[in-house]
Amino acid sequence: MKLGLFSRFRSIQTNMVLAFVLLILMTILIMSVVSYYLSKDAVQSNAQTYTTELVKQVNNNIKSYVNGMKYISDMVDGNPYVQQYLSQFKYESLTEEQKSKQAVADFLESMAVSRADISSVSLFGYNGQFVTGSKGLELNPFIDITSLSWYRGAREAGGSYVISPSHVQPVFKDRYPWVVSLSMELVSKDGGTKLGVFLIDLNFSVMNDMFQDIRLGQRGYLFIVDSEGKIVYHPQQQLIYSSLKTEKIAEVLQIKNGTFISDEGGNSRMYTVQESDFGWKIVGVSYVNELVGNQNEVRLSFIFLGLICIVLAIVISLFLSQRVSQPIKQLQGYMKEVEKGNFDIQVPVPTTIEIGRLARAFNIMVGKIKELMSQVVRDQELKRRSEMNALQAQINPHFLYNTLDSIIWMAESKKFQEVVLMTSALAKLFRASISKGEELVTIETELEHITNYLKIQKMRYKNKLDYQIEIGDSVRQYRTIKVILQPIVENAIYHGIKMKRGPGLITISSEETETDILLIVGDNGNGMDEEKLSRLLTPLNEGEEGRGVGVRNVHGRLKLYFGAQYGLVYKSVSGEGTTVLIRFPKSPPLLEAGRR
């Protein structure tokens, strides 16, 4: 069940449907994402432009507001009554001094009442003088004026204006207003004497009224910080001081004029910073997720459009893939018939150009395969018989010449018994090679053949060669292809034992399993290294010469006759000897073996 379902998903029709759907889905997805982010960027850009212009306008308003405060300061600084009162002028009487102080107080009062946002206007002389423009105000006896930041800032500024952040003013007794202070050090007209500090306190509520109605979206707002990062104005100032709300003050201080977006996930904010001429920075804050207010509707519309396109894609792709895949499925059915061995078929050629060409090519291919299979059967049969004949004729001429020379030498030496034994063995060797043209012989017959061969070799090499044959009676009547031991033994003698110092020994034994026979040929010769061992059974390239042709012949014939899992296995250790395993099945039926 699972395999069938998997096969359906691998079909060309299903793949075409999936290809159409994925193509359209990817197109819609890419277009949707690109459109969404382009729209989002456009909205953010417009919002940034709007916020920047708004912040610039607020900056201009504050600039005008502060310039008004500076104008008042300049008036106070240039007033002769103020200069006279704060200087070390020697009054003729206390009454005259009181009149001068009252004149200064009246002058400050006229400024205080001119603007509703002024909380207080005061002078603090370095000689201990104090004058205020608001009646009834007394200095707080528990406050050291010189320790307050606005006072120290004015003295350090040396005549320049100092604008403080919003703060509680504790200078006056029983009065603690929330103000923004402008302070300035006053000097004499000749510039040689520092007279005191002038202070204007502006009601923070007026600034709060000025900015609290400014909104950037539903939750956006404006706030102001000074050059040290202290809050001058914030619509939620109490939350800031109680650490229930935070702002990106450090980032704001790093930007002169510009915009940045905080990385806060769904609560990310866009900060638009505008620097003023007097050290303040006006900051507009907009919430990013409010800039694209209808983003959920945009997402839903893209999803709905995508679903419609996918349904249309499935319907169209089913129709097109059906037309394309039907002739292919028919051709697949004919291919399965050929797979079963039926080559007597002809595929109808459809009208589709590509499929028609494929069908014609398939018909030609089937015909060629049928013809080639017949040719291969004939060629393999001829090759097998030729290899058998070649092996049978492959008794080394040098071996025959040397054997005959040995017989002549023994006859001249009047060793007639050895002549009879060697001649008899040679005759039996040739008789076993002929074996009446049979392809399969018993293991018993193959052992007689190799025994005669070893007798001849032992007579030639005397004490240089000995052999042992230990084959169990249970395997002797099984059949195998003929002449499989002689090339292996010959290879062992000429390439293993002949070059060895001392006597050599060849052993032939057997093992059997439930299905196979193993003939084991071993020698104690020189052995082989890994390189020679790896090349021994490797087929030679055309025109290449090398040792072990007879061994390769035996290996190839075993595989050709019995199957790829059978053949020879060589094991060798250099200087210690070689072992050869000959594996073949237990006596397959002759008719079945003939088909192979």
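State whether one or more residues within the range 450-463 are out of contact with any Pro (no Cβ under 9 Å at 6 or more places or on another chain), outside any strand (DSSP E or B) and within 24 Å of L560 (Cα to Cα).
yes
Can you tell me which condition I224 does not meet? The list is (1) among the β-branched types (V, I, T); (2) surrounded by 19 or more Cβ atoms within 10 Å (Cβ to Cβ); (3) under 30 Å from S87 (Cβ atoms), and all the others hold.
Against the list (1) among the β-branched types (V, I, T); (2) surrounded by 19 or more Cβ atoms within 10 Å (Cβ to Cβ); (3) under 30 Å from S87 (Cβ atoms), I224 comes up short only on (3).
Just one of (1) crowded, with 18+ Cβ neighbours inside 10 Å; (2) part of a loop (DSSP other than H, G, I, E, B) trips up L199, so point out which.
(2)
Kindly indicate which of L182, L139 is among the hydrophobic types (A, V, I, L, M, F, W, C), open to solvent by less than 30 Å² (accessible area, probe 1.4 Å) and over 60 Å from the mean Cα position of the chain (by Cα).
Numbers: L139 fails: open to solvent by less than 30 Å² (accessible area, probe 1.4 Å).
After applying the criteria, what remains is L182.
Out of the residues in the range 419-473 that are modelled with pLDDT of 75 or more and basic (K, R), state the one that is surrounded by the fewest Cβ atoms within 10 Å (Cβ to Cβ).
Residue satisfying both the conditions and the ranking: K462.
Could you check the range 456-482 and list, in sequence order, the residues that are of a type in the set (S, T, Y), without any contact (Cβ under 8 Å) to a residue 60 or more places away in the chain and under 30 Å from K586 (Cβ atoms)?
First pass over the range 456-482, keeping only residues of a type in the set (S, T, Y): 461, 467, 474, 478, 480.
Subsequent filtering for residues that are without any contact (Cβ under 8 Å) to a residue 60 or more places away in the chain retains 461, 467, 474.
Matches in the range 456-482: Y467, S474.
Can you run down the residue pairs with Cβ atoms below 7 Å, 6 or more apart or on separate chains, where the first is in the range 485-507 and open to solvent by less than 50 Å² (accessible area, probe 1.4 Å) and the partner is hydroxyl-bearing (S, T, Y) and outside any loop (DSSP other than H, G, I, E, B)?
Listed by first residue and then by second, the contacts come to Q486/Y453; V489/Y453; A492/T578; G496/T578; I506/Y467.
Looking at N67, is it farther than 22 Å from Y287 by Cα, touching a residue at least 24 places away in the same chain (Cβ under 8 Å), of a type outside the set (A, V, I, L, M) and open to solvent by 60 Å² or more (accessible area, probe 1.4 Å)?
Working: farther than 22 Å from Y287 by Cα: yes; touching a residue at least 24 places away in the same chain (Cβ under 8 Å): no; of a type outside the set (A, V, I, L, M): yes; open to solvent by 60 Å² or more (accessible area, probe 1.4 Å): yes.
No; evaluated as a whole, the condition is false for this residue.
Specify the residue that is nearest to L537 (Cα to Cα); the eligible residues are those in the range 479-506 that are in contact with a strand residue (DSSP E or B) (Cβ under 7 Å, 6 or more places away or on another chain) and among the small types (G, A, S).
If we take residues in the range 479-506 being in contact with a strand residue (DSSP E or B) (Cβ under 7 Å, 6 or more places away or on another chain) and among the small types (G, A, S), then A492 is nearest to L537 (Cα to Cα).
Report every pair of residues separated by at least 6 positions or lying on different chains whose Cβ atoms are under 8 Å apart, first residue within the range 572-584 and over 10 Å from N524 (Cβ atoms) and among the aromatic types (F, W, Y), second at pLDDT below 95 and part of a loop (DSSP other than H, G, I, E, B).
Within 8 Å, the pairs are F584/Y566.
Tell me, yes or no, whether the range 152-169 has at least one residue that is farther than 19 Å from V76 by Cα, polar (S, T, N, Q) and out of contact with any Ser or Thr (no Cβ under 6 Å at 6 or more places or on another chain).
Yes - at least one qualifying residue is present in the range 152-169.
Condition check ((1) of a type in the set (A, V, I, L, M); (2) open to solvent by less than 30 Å² (accessible area, probe 1.4 Å); (3) modelled with pLDDT under 85) across all residues:
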| residue | (1), (2), (3) |
| --- | --- |
| N541 | no, no, yes |
| S572 | no, yes, no |
| L581 | yes, no, no |
| L590 | yes, no, yes |
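Give just the number: which of (1) in contact (Cβ under 8 Å) with a residue 24 or more places away in the chain; (2) open to solvent by 60 Å² or more (accessible area, probe 1.4 Å); (3) of a type in the set (F, W, Y) does Y85 not satisfy?
Answer for Y85: the failing condition is (2).
Test A154 against the stated conditions and say whether it is touching a helix residue (DSSP H, G or I) at 6+ places or on another chain (Cβ under 7 Å) and not in a strand (DSSP E or B).
Working: touching a helix residue (DSSP H, G or I) at 6+ places or on another chain (Cβ under 7 Å): no; not in a strand (DSSP E or B): yes.
Spelling it out, it is not the case that A154 is touching a helix residue (DSSP H, G or I) at 6+ places or on another chain (Cβ under 7 Å) and not in a strand (DSSP E or B).
Just to be sure, is Y91 assigned to a helix (DSSP H, G or I), of a type in the set (F, W, Y), at pLDDT below 85 and out of contact with any Gly (no Cβ under 8 Å at 6 or more places or on another chain)? Quick ask: steps written out before the conclusion?
Values: assigned to a helix (DSSP H, G or I): no; of a type in the set (F, W, Y): yes; at pLDDT below 85: yes; out of contact with any Gly (no Cβ under 8 Å at 6 or more places or on another chain): yes.
Answer is no for this residue.
I'd like to verify a number: residues in the range 480-502 that are within 19 Å of L519 (Cβ to Cβ) and part of a loop (DSSP other than H, G, I, E, B), how many?
So the answer is 4.
Which of the residues spanning the range 41-82 are in contact with a helix residue (DSSP H, G or I) (Cβ under 9 Å, 6 or more places away or on another chain), modelled with pLDDT of 75 or more and of a type in the set (S, T, Y)?
Correct list: Y81 only.
Residue check, G217 against (1) crowded, with 16+ Cβ neighbours inside 10 Å; (2) within 20 Å of S122 (Cβ to Cβ); (3) in contact with a helix residue (DSSP H, G or I) (Cβ under 7 Å, 6 or more places away or on another chain), all met but one. Which one?
Only one criterion in (1) crowded, with 16+ Cβ neighbours inside 10 Å; (2) within 20 Å of S122 (Cβ to Cβ); (3) in contact with a helix residue (DSSP H, G or I) (Cβ under 7 Å, 6 or more places away or on another chain) is unmet by G217, namely (2).
All but one of (1) crowded, with 18+ Cβ neighbours inside 10 Å; (2) out of contact with any Ser or Thr (no Cβ under 7 Å at 6 or more places or on another chain); (3) without any contact (Cβ under 8 Å) to a residue 60 or more places away in the chain; (4) in a strand (DSSP E or B) hold for V521; state the number of the condition that does not hold.
Unmet for V521, out of (1) crowded, with 18+ Cβ neighbours inside 10 Å; (2) out of contact with any Ser or Thr (no Cβ under 7 Å at 6 or more places or on another chain); (3) without any contact (Cβ under 8 Å) to a residue 60 or more places away in the chain; (4) in a strand (DSSP E or B): (3).
The values are calculated or read from the model by the stated rules, or taken from the named source; none is laboratory data. The structure displayed is predicted, hence computed values, not measured ones. Positions of Cβ are backbone-derived with ideal geometry, glycine not excepted, and every protein chain shown enters the neighbour counts. We work out accessible area using only protein heavy atoms, side chains counted, and drop any ligands, DNA or RNA first. Shrake-Rupley method; radii C 1.70, N 1.55, O 1.52, S 1.80 Å.
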